[in-house]
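Worksheet: the structure to be examined is printed underneath.
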Amino acid sequence: MKKIVLNLFAVALVGTTIVACKSDVKDAKTGEAETVVENVEANKYKADADQSMIIWKANKIVGGHEGTINVSKGVAELEGDKLVGGSFIFDINTIKCTDIPETEEANANLIGHLKSVDFFDVEKFSTAAFEITKVDGNNISGNLTMKGIKKNVTFPATVSVNGDDVTISSDTFTIDRTLWNIMYNAATSDDVAASLGDKLIKNDVEIKILVKAKKA
């Protein structure tokens, strides 16, 4: 009995920790794709593929996984020190899991599963794209395309310029993966959620976008 009580306490403590961390993460505003306006007069900054990435975290009922997806190419557009546009291509084949050592078989199994039809289906959709449509103060809006589905998302970010270098760093925000048809073990209804039990993967995925670029 004592062991059961301790286990229940541990689960409750983990759940409390997840809720506490979640309070600092805001949902991205998501809507229909918007028109991208080209800024021909803006200065172009080429993204560094090694240092520019999506940092992701997917949560289960208890636990989860996190990792990165790198930019393959991209350009940020600035007028003076103000971000006014940009477009970035993310190579899904670069997806990494950072919470399991790369030397462990579980890491390779997870990456293989994420690339499969259950998740990103990289044989058909090897890239994701983000095109900035609007910058309003600290909020960046852009069309995020994954698995051939394009939605506009808005999230807060910080833009810093140092000479010929620019860094764009978003706050951590969440998107609903099911809007991009990533449905594996998703809670599509209360009945489905109950049947999945601890195999359920939450619909909301935590995202942080980091771009480091140099003036072209």
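The values are calculated or read from the model by the stated rules, or taken from the named source; none is laboratory data. Note that the structure is a prediction, hence the values are computed from the model and not measured. We place every Cβ from the backbone using ideal geometry, glycine too, and count neighbours over all the protein chains shown.
Quick check, is Thr154 modelled with pLDDT of 95 or more, of a type outside the set (A, V, I, L, M, F, W, C) and within 15 Å of the chain's Cα centre (by Cα)? Yes; evaluated as a whole, the condition is true for this residue.
None of Ile207, Ile168 is under 26 Å from Ile61 (Cα atoms), buried (at least 17 other Cβ atoms within 10 Å of the Cβ) and in contact with a Lys or Arg (Cβ under 9 Å, 6 or more places away or on another chain) except Ile207.
Output the residue which, of all residues in segment 91-128 that are in contact (Cβ under 8 Å) with a residue 24 or more places away in the chain and assigned to a helix (DSSP H, G or I), is nearest to Asn185 (Cα to Cα). Looking at the filtered set, the residue picked out is Leu110.
Note on segment 129-141: residues that are more than 17 Å from Trp56 (Cβ to Cβ) and not in a loop (DSSP other than H, G, I, E, B) amount to 9. When Leu200 is tested against the conditions (1) crowded, with 17+ Cβ neighbours inside 10 Å; (2) at pLDDT 95 or above, the lone failure is (2). For segment 20-33, the set of residues classified as more than 16 Å from the chain's Cα centre (by Cα) and at pLDDT 85 or above consists of Gly31, Glu32, Ala33, listed by residue number.
For segment 141-165, a tally of residues being among the β-branched types (Val, Ile, Thr), surrounded by 16 or more Cβ atoms within 10 Å (Cβ to Cβ) and either more than 18 Å from Lys46 (Cα to Cα) or free of Cβ contacts under 8 Å to residues at least 12 places away in the same chain (or both) returns 3.
Looking at Asn93, is it at pLDDT 95 or above, surrounded by fewer than 18 Cβ atoms within 10 Å (Cβ to Cβ) and either out of contact with any Asp or Glu (no Cβ under 7 Å at 6 or more places or on another chain) or closer than 27 Å to Ile140 by Cβ (or both)? Spelling it out, Asn93 is indeed at pLDDT 95 or above, surrounded by fewer than 18 Cβ atoms within 10 Å (Cβ to Cβ) and either out of contact with any Asp or Glu (no Cβ under 7 Å at 6 or more places or on another chain) or closer than 27 Å to Ile140 by Cβ (or both). Within segment 47-63, the residues that satisfy the criterion of being modelled with pLDDT of 95 or more and either farther than 26 Å from Asp198 by Cβ or surrounded by fewer than 16 Cβ atoms within 10 Å (Cβ to Cβ) (or both) are Ala47, Asp48, Ala49, Asp50, Gln51, Ser52, Met53, Ile54. Report yes if Thr17 is out of contact with any Lys or Arg (no Cβ under 9 Å at 6 or more places or on another chain), over 16 Å from Ala128 (Cα atoms), β-branched (Val, Ile, Thr) and modelled with pLDDT of 95 or more, otherwise no. In short, no.
Of the candidates Ala186, Ala193, the single residue that is free of Cβ contacts under 8 Å to residues at least 40 places away in the same chain, more than 15 Å from Trp56 (Cβ to Cβ), touching a helix residue (DSSP H, G or I) at 6+ places or on another chain (Cβ under 6 Å) and buried (at least 16 other Cβ atoms within 10 Å of the Cβ) is Ala186. Counting only strands (runs of 3 or more DSSP E) that sit wholly inside segment 144-216, those with at least 2 residues that are over 23 Å from Gly64 (Cβ atoms) are 149-162, 165-170, 201-215.
When Thr127, Thr133 are screened for being farther than 15 Å from Glu66 by Cβ and within 16 Å of the chain's Cα centre (by Cα), only Thr127 passes.
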